[in-house]
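Working notes, structure below.
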Amino acid sequence: MLTIRNLISPVTIPDNVAALYEQAFPHEERRNLPAQQLLLNNGALRLALLENDEVYAGFVFYWQLTDFVFVEHFAIALEMRGSGIGSRVMRLMEQKYPRIVLEVEPPHSDDAVRRIRFYEGLGFKAYAYPYLQPPYQVGGAPLNMLLMQKGMSPEEHTFTKINSEIYLEVYGC
């Protein structure tokens, strides 16, 4: 049975989450762990642990913003990938949060194409407007990404509002 357990702040990032976070996301697409921990401690960022039959299956770091949830990082443990857990997690998230926004890499690699198709298969749609992810690292360059949504308007004014709120709340710029 798949369970999503939201951890209540303050909470220490579990070692298995930290290891998967660093393995699943390149350096430029993640914060350092102390910064991630600080955001968890002050309640801005939330962490959901994923378990399948009481075995660690992954995590979701997310932000509950004005009228949507921003999924910042979502990863399934290597040994559990391809089993349908990721789709089940997103469907469970959608039951609780009907408006979800997330970032994905543009379709410049097989992995990026696979990721986009995964979200499209769940009903997510990419905004047609340019989106740059602000750098996580001081001195880093912004990353060209796609902003995908489910349950939100596809119009430019909605994209602009979402973009502004993510920049302000998540990236502090």
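Obtain the nm distance between the two label points defined at Thr3 and Tyr97 by a simple spin-label model: each point lies 7 Å from its Cα along the Cα-to-C-beta direction.
Roughly 2.1 nm, to one decimal.
Starting from the coordinates of the alpha-carbon atoms of the range 16-173, obtain the Kirkwood hydrodynamic radius over all distinct pairs and give the value in Å to one decimal.
With all distinct Cα pairs of the range 16-173 included, I get 16.2 Å.
If the convex hull of the alpha-carbon atoms of the range 84-157 is projected onto planes in all directions, what is the mean projected area in square nanometres?
Taking the Cα atoms of the range 84-157, their convex hull projects to 6.0 nm² on average.
What does the accessible area of Asp110 come to, in Å² to the nearest 10, when a probe of 1.4 Å is used?
Rounded to the nearest 10, the figure is 140 Å².
Compute the label zone of Gln23 within the range 44-67: residues whose backbone N is under 20 Å from the point 7 Å along Cα-to-Cβ.
Of the residues in the range 44-67, 48-61 have backbone N under 20 Å from the label point off Gln23.
Using a 1.4 Å probe, what is the accessible area per residue for the chain, in Å²?
Values: 8990 Å² over 173 residues.
Ligands and nucleic acids excluded, the figure is 52 Å² per residue.
Hey, quick one: spin label on Tyr167, modelled 7 Å out along Cα-Cβ, who in the range 52-89 has an amide N within reach, i.e. under 16 Å?
none
Take the range 115-173, compute every pairwise Cα distance, and split them into 5 Å bins from 0; I just need the percent in each bin.
Calculated over all Cα pairs of the range 115-173, the distribution is 4, 18, 24, 24, 18, 9, 3, 0 percent.
What number, rounded to the nearest 500 deg cm²/dmol, is the helix-based mean residue ellipticity at 222 nm of the chain, given -39500 (n - 2.57) per DSSP H run of at least four residues and division by all its residues?
-9000 deg cm²/dmol
Let me cross-check His108: its accessible surface, 1.4 Å probe, with only protein heavy atoms counted, in Å² to the nearest 10?
About 150 Å², ignoring ligands and nucleic acids.
Please list 3J(HN,Hα) in residue order for the range 82-87, calculated via the Karplus relation 6.51 cos²θ - 1.76 cosθ + 1.60 where θ = phi - 60°; whole Hz, with x for glycine and proline.
Using θ = phi - 60°, the values come out as x, 9, x, 5, x, 5 Hz.
Can you send over the carbon and sulfur percentage of the accessible area for the range 1-115, probe radius 1.4 Å, protein chains only?
Values: 3030 of 5820 Å².
Accessible surface attributable to carbon and sulfur in the range 1-115 totals 52 percent.
In the P(r) worked out for the range 1-85, what percent of Cα pairs fall beyond 15 Å?
Looking at the range 1-85, the distances longer than 15 Å represent 57 percent of pairs.
Add +1 for every Lys or Arg and -1 for every Asp or Glu among the other residues with Cβ under 15 Å from the Cβ of Gln37, and state the total.
Details: positive: Arg30, Arg31, Arg46; negative: Asp15, Glu22, Glu72.
Within the 15 Å Cβ shell, the charges total 0.
Calculate how many DSSP beta bridges within the range 27-144 are antiparallel, expressed in % of all such bridges and rounded to the nearest 5.
That works out to approximately 85 percent antiparallel.
The values are calculated or read from the model by the stated rules, or taken from the named source; none is laboratory data. Just so it is clear, the structure is predicted and the values come from calculations on it, not from any experiment. Virtual Cβ from ideal backbone geometry, glycine too; neighbours counted across all protein chains shown. Just the protein is used for accessible areas: all its heavy atoms, side chains included, with ligands, DNA and RNA removed. Shrake-Rupley method; radii C 1.70, N 1.55, O 1.52, S 1.80 Å.
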